[in-house]
Each structure stands twice: as structure tokens, then as C-alpha cells.
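A quick write-up on the structure given underneath.
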Ligand SMILES: *Cc1c(COP(=O)(O)O)cnc(C)c1O
């Protein structure tokens, strides 16, 4: 795997309006550095502990994104440095982020994760729930969290039409909510297998792991 080559190739392929988040989960620090040395600075992890370890040991100008499901009791470990939390799916979690961010005197950018895939295993909330959170008094009073958009994961399938439908639905939802939420700037959708379709459907942030770093080995 030529990590530097892979990341450069993806960047020449995509428009400069699309932000690439390099998903380095399970990969060693040397692999992150291989991408870093090409000038890349935005990396994503799906486990808080692993992200904290990488943050401690790698250059401090890396912007770390948390792309995985977050347990409330883990928020405090990343709140001092995390740049964007992609998968917020409850008001309870937002309240914890607000509380911890306040202690650190930071404002944390978050995305709401919308469930667009069919599979039951995927996290995320429906559009009604997202609106309910955005319109809640509790959220509107928060001054240390900023919801800057939406994130979604399409069904894992090779049925391109199905993926396209799910991403288009998320883009329509994003456009609709943006009318009332001027803070909405970011639509995070697309991974190694489907980022080209996601960009065609209006994504402006893609989360790419294995196409940069190679297949993950979980053993
Ligand atoms: C692992 C992961 C990715 C990257 O997946 P690849 O298929 O390796 O590109 C993207 N988003 C989330 C939420 C992930 O957990």
C-alpha cells in the first residue's frame, strides 16, 4: 500500500470543495505520518480511546474527527482537542458535549447522524428526531456546541441505485434543514466504496479509510 500515492490520487480526483477525512482507525502512527507528510491534516477515528492515543503521539496540528458512535462517558476524554464529532444521535449526548466543552472553554462542532441505510445495525436518527433536537429549547440554549450539518452511511451493497437514493435523500434533508439552520455547512457522506456516488449526490465531506490505508485487520 502506497499511502502517500493513494491520498494524492484521491485528492486530484475530488473537487477542492470536498473535504477528505482520512480514516486511520486500527492503523499505526507510521501510517498516519505517511499521509501527514503529503500535507494532509484531517484524520478520523471511530473509537475515542484510539483517537486520544493518536492525538497524544502525533503532531498537534492534526485535526481529529470522531466518526463513530460516541458513548456519553467518553466525551470528556476528547473534548479538549476534537475538531468535529460526526455521529451525534441524541439530545442527551449533546448535553454532555455542551457540559464538557464548557469546562474546556471550547465550542465543539457536531453533525447529526441521520439513518439512511436499511440495515438495523446502523446508528442514526430519523429526520423528525433531528428537527426535534434542533428546535428544542435545551439545544437552543447551548453555547458550546454548534451543529454544522449532517452525516449518513448508505447501505453496504453493490446496488448503485439504492446507494444513490439514500444519499439523495440525505442531501434533500440537508437542504431542507439548512433553510432554518444557517450554521449548516457540512454534509458528511461517502466512504471508500461509495464516495464517488456520494459526491455526485452533493456530499462535501468524505470519510475514506481502506482506499488510503488498505484493508483493516481486526485480529
Ligand atoms: C471506518 C469508517 C469509514 C471508512 O470506511 P472505509 O470503507 O474503510 O473507507 C467511514 N465512516 C465511518 C463512520 C467509519 O466507521
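The values are calculated or read from the model by the stated rules, or taken from the named source; none is laboratory data. Since we're looking at a predicted model, the values are computed, not measured. Glycine also receives a Cβ, built like all others from the backbone with ideal geometry; neighbour counts cover every protein chain displayed.
Couple of notes before you dig in:
- Residues of region 107-152 that are touching a residue at least 40 places away in the same chain (Cβ under 8 Å), in a loop (DSSP other than H, G, I, E, B) and in contact with a strand residue (DSSP E or B) (Cβ under 9 Å, 6 or more places away or on another chain): 116, 117, 123, 144.
- Test: residue in region 128-137 that is exposed (fewer than 15 other Cβ atoms within 10 Å of the Cβ) and within 24 Å of residue 201 (Cα to Cα): yes
- Filter result (modelled with pLDDT under 95 and near the ligand (Cβ under 9 Å from one of its atoms)) within region 178-218: 215, 216
- Scanning region 1-23 for residues that are more than 9 Å from residue 212 (Cα to Cα) and in contact with a strand residue (DSSP E or B) (Cβ under 9 Å, 6 or more places away or on another chain) turns up 11, 14, 18, 19, 20, 21.
- Look at region 208-219: where a residue is touching a residue at least 12 places away in the same chain (Cβ under 8 Å) and a partner is in a helix (DSSP H, G or I) and within 8 Å of the ligand (Cβ to nearest atom), sitting 6+ places away or on another chain with Cβ atoms under 7 Å, you get 208/195; 216/210.
- Residue in region 87-105 that is touching a strand residue (DSSP E or B) at 6+ places or on another chain (Cβ under 7 Å), assigned to a loop (DSSP other than H, G, I, E, B) and within 21 Å of residue 207 (Cβ to Cβ) present: yes
- Helices (runs of 4 or more DSSP H) completely within region 11-82 that count 2 or more residues being touching a residue at least 60 places away in the same chain (Cβ under 8 Å) and either within 15 Å of the ligand (Cβ to nearest atom) or crowded, with 19+ Cβ neighbours inside 10 Å (or both): 29-36
- Cβ pairs under 9 Å, 6+ apart, first in region 181-200 and at positive phi, second assigned to a loop (DSSP other than H, G, I, E, B) and more than 13 Å from the ligand (Cβ to nearest atom): 190/18; 190/201
- Residue 92 vs. criteria without any contact (Cβ under 8 Å) to a residue 12 or more places away in the chain and more than 16 Å from the ligand (Cβ to nearest atom): no
- Taking the criterion of being in contact with a strand residue (DSSP E or B) (Cβ under 9 Å, 6 or more places away or on another chain), part of a loop (DSSP other than H, G, I, E, B) and under 25 Å from residue 216 (Cβ atoms), the residues of region 153-193 that qualify are 153, 154, 190, 191, 192.
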